Amino acid sequence: MDLRLEQAPHLADRLRSVADVEGKVARALDALGPLADRDVVLLDTDDAPTLPIVRAAGGDPLVVVPAPLLAIPVPDASVDVVVTLWAAFRGVAATDVAEVDRVLRPGGRLLVVHDYGRDDVSTLRDPEAPEYGAWSRREGPFLRGAGFRIRVVHCFWTFSSLEEAREILVELFGERGEAAADRMKRPRLSWNVAVYHRLQGGGDQAA
């Protein structure tokens with residue numbers, strides 16, 4: 001779920017506070033990068049709402065590049081990791097991959113985070129959203145010859161109570177949020193997150 005929610009900003013902030021309280025996404029980024037003590041570029045929107053996740057993974061970005069426009073203002077072969085969470089690579093454009101390959105050092109990695117689906121959170125959105133189907137298939141844009149592999153991280157939205165969950169879900173997601181709240185037996189929703197990871201140049205890498 002893209003956590004840049006425009007409606008009800010106070011509730012959007014509360015939602016961000018309950019999403020993946022265990023820090024599993026940050027740990028996955030650290031394992032696949034790693035990010036600590038390395039030169040990192042973050043592709044994000046201007047206000048960089050995902051910067052805390054990158055910092056929790058040990059990263060201190062050299063620069064935050066507004067997404068989806070992908071022109072990275074750093075020299076060739078000067079970066080160890082390029083990371084984006086829900087902002088860029090909504091699909092795979094060859095020009096975007098080439099720009100990342102330009103700035104990455106040999107052995108550097110591109111880490112792209114999107115929702116994976118097959119979970120509770122996906123019921124709040126359009127079930128036909130490409131991240132829930134086409135993107136994660138073997139014949140999809142990430143896994144069909146672009147050099148990406150995928151790691152699925154099983155996370156949760158964890159609320160303090162069923163009452164808080166209902167308040168947030170109904171105001172942010174309307175009827176779908178109310179239906180999700182009605183199904184809840186405990187104050188959390190399953191949330192599967194995909195990290196598509198790729199070596200510079202698209203070479204062989206461990207799964």
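The values are calculated or read from the model by the stated rules, or taken from the named source; none is laboratory data. Bear in mind that the values here come from a model prediction, so they are computed numbers and not experimental data. Glycine gets a Cβ as well: all are built from the backbone with ideal geometry, and neighbour counts include every protein chain shown.
Residues of the range 95-118 that are in contact with a helix residue (DSSP H, G or I) (Cβ under 9 Å, 6 or more places away or on another chain) and among the charged types (D, E, K, R): Asp101, Arg105, Arg109, Asp115, Arg118. Please find, among Val121, Val97, Val82, the residue that is surrounded by 15 or more Cβ atoms within 10 Å (Cβ to Cβ), touching a Ser or Thr at 6+ places or on another chain (Cβ under 8 Å) and in contact (Cβ under 8 Å) with a residue 40 or more places away in the chain. Testing whether each residue is surrounded by 15 or more Cβ atoms within 10 Å (Cβ to Cβ), touching a Ser or Thr at 6+ places or on another chain (Cβ under 8 Å) and in contact (Cβ under 8 Å) with a residue 40 or more places away in the chain leaves just Val121.
Among the residues of the range 69-76, is any without any contact (Cβ under 8 Å) to a residue 24 or more places away in the chain and under 29 Å from Ala19 (Cα atoms)? Yes, there is a match, as at least one residue in the range 69-76 is without any contact (Cβ under 8 Å) to a residue 24 or more places away in the chain and under 29 Å from Ala19 (Cα atoms). Looking at Ala36, Ala77, which is the one that is exposed (fewer than 15 other Cβ atoms within 10 Å of the Cβ), at pLDDT 95 or above and touching a Leu at 6+ places or on another chain (Cβ under 8 Å)? Exactly one of Ala36, Ala77 is exposed (fewer than 15 other Cβ atoms within 10 Å of the Cβ), at pLDDT 95 or above and touching a Leu at 6+ places or on another chain (Cβ under 8 Å), namely Ala77.
When the residues of the range 40-58 are filtered to those that are part of a loop (DSSP other than H, G, I, E, B) and at pLDDT 95 or above, the one that is surrounded by the most Cβ atoms within 10 Å (Cβ to Cβ) is Ala57. In the set (1) in contact (Cβ under 8 Å) with a residue 40 or more places away in the chain; (2) surrounded by fewer than 21 Cβ atoms within 10 Å (Cβ to Cβ); (3) charged (D, E, K, R); (4) closer than 25 Å to Val41 by Cβ, the condition left unmet by Arg102 is number (1). Restricted to the range 172-189, and to residues there that are surrounded by 14 or more Cβ atoms within 10 Å (Cβ to Cβ) and closer than 30 Å to Ala88 by Cβ, the residue that is nearest to the chain's Cα centre (by Cα) is Leu189. Is it true that Asp126 is surrounded by 15 or more Cβ atoms within 10 Å (Cβ to Cβ), among the acidic types (Asp, Glu) and either within 15 Å of the chain's Cα centre (by Cα) or under 29 Å from Pro187 (Cα atoms) (or both)? Taking the combined requirement at face value, the residue does not satisfy it.
The set of residues from the range 59-74 being in a loop (DSSP other than H, G, I, E, B) and at pLDDT 90 or above comprises Gly59, Asp60, Pro61, Leu62, Ile72, Pro73, Val74.
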